[in-house]
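Trainee: Quick one: the structure is below, and I'll ask about it shortly.
The values are calculated or read from the model by the stated rules, or taken from the named source; none is laboratory data. What you are looking at is a predicted structure, and each value in this text was computed from that prediction instead of being measured. Glycine gets a Cβ as well: all are built from the backbone with ideal geometry, and neighbour counts include every protein chain shown.
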């Protein structure tokens, strides 16, 4: 059975856990991602830098459909040379709040999928967290039995995004 990433259960880890994922390995799903600086990609497209100068990094990310955004460490922010877009107050899974930087844009690559997103920079973070918004845009599903992230089997060749037309109440599919 595959679980769509649009399901966002309300679950909180114990209060003494400091990681946004809740810690521990039981039942956790990880995925291999490539993160690329979209700003560098644009500089290459315009001829200002070489393709080899595009900052990218491969990461093992915790997949968490209960989180909304991508969360990265300061180290990854520096590796990708990402620009700070804004500062924001965020609520962590343990109900604490922190003022953080939002950086981007970042290309997130998974298998034959790619999406553009921003990311929360959480100081002291030990793992990258892939939340439901970029997962939904990638059109991927979590296979809890295999503990893997997979391309949506209903759309194996291209990501499908559902958008709503304001004048029409029926969903429109864009391939």
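Trainee: Of the numbered conditions (1) in contact with a helix residue (DSSP H, G or I) (Cβ under 8 Å, 6 or more places away or on another chain); (2) modelled with pLDDT of 95 or more; (3) at negative phi, residue 68 satisfies every one except a single condition; which is it?
Mentor: Every condition holds for residue 68 apart from (2).
Trainee: Scan (1) touching a strand residue (DSSP E or B) at 6+ places or on another chain (Cβ under 8 Å); (2) closer than 28 Å to residue 43 by Cα; (3) at pLDDT 95 or above; (4) surrounded by fewer than 19 Cβ atoms within 10 Å (Cβ to Cβ) for the single condition residue 161 breaks and write down its number.
Mentor: The number of the failed condition is (3).
A quick yes/no check of all residues on (1) touching a strand residue (DSSP E or B) at 6+ places or on another chain (Cβ under 9 Å); (2) part of a strand (DSSP E or B); (3) buried (at least 19 other Cβ atoms within 10 Å of the Cβ):
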{"site": "31", "(1), (2), (3)": "yes, yes, yes"}
{"site": "34", "(1), (2), (3)": "yes, yes, no"}
{"site": "52", "(1), (2), (3)": "no, no, no"}
{"site": "60", "(1), (2), (3)": "yes, yes, no"}
{"site": "67", "(1), (2), (3)": "yes, no, yes"}
{"site": "76", "(1), (2), (3)": "yes, no, yes"}
{"site": "86", "(1), (2), (3)": "yes, yes, no"}
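Trainee: Additional query: Quick check on region 122-144. Is at least one of its residues under 15 Å from residue 62 (Cα atoms) and either in contact with a helix residue (DSSP H, G or I) (Cβ under 6 Å, 6 or more places away or on another chain) or free of Cβ contacts under 8 Å to residues at least 12 places away in the same chain (or both)?
Mentor: So far as region 122-144 goes, no, none of its residues is under 15 Å from residue 62 (Cα atoms) and either in contact with a helix residue (DSSP H, G or I) (Cβ under 6 Å, 6 or more places away or on another chain) or free of Cβ contacts under 8 Å to residues at least 12 places away in the same chain (or both).
Trainee: Moving on to the next point. Just one of (1) on the phi > 0 side of the Ramachandran plot; (2) modelled with pLDDT under 90 trips up residue 166, so point out which.
Mentor: (1)
Trainee: Looking at (1) in a loop (DSSP other than H, G, I, E, B); (2) modelled with pLDDT of 95 or more; (3) under 13 Å from the mean Cα position of the chain (by Cα), which is the one condition that is false for residue 48?
Mentor: (3) is the only condition that residue 48 fails.
Trainee: Out of the residues in region 134-145 meeting the condition of being in contact with a strand residue (DSSP E or B) (Cβ under 9 Å, 6 or more places away or on another chain) and part of a loop (DSSP other than H, G, I, E, B), tell me which one is nearest to residue 37 (Cα to Cα).
Mentor: Among those residues, the one meeting the criterion is 139.
Trainee: Mind checking which residues of region 96-133 are in contact with a strand residue (DSSP E or B) (Cβ under 6 Å, 6 or more places away or on another chain), surrounded by 16 or more Cβ atoms within 10 Å (Cβ to Cβ) and over 23 Å from residue 160 (Cβ atoms)?
Mentor: 100, 101, 102, 103, 104, 119, 120, 121, 122, 127, 128, 129
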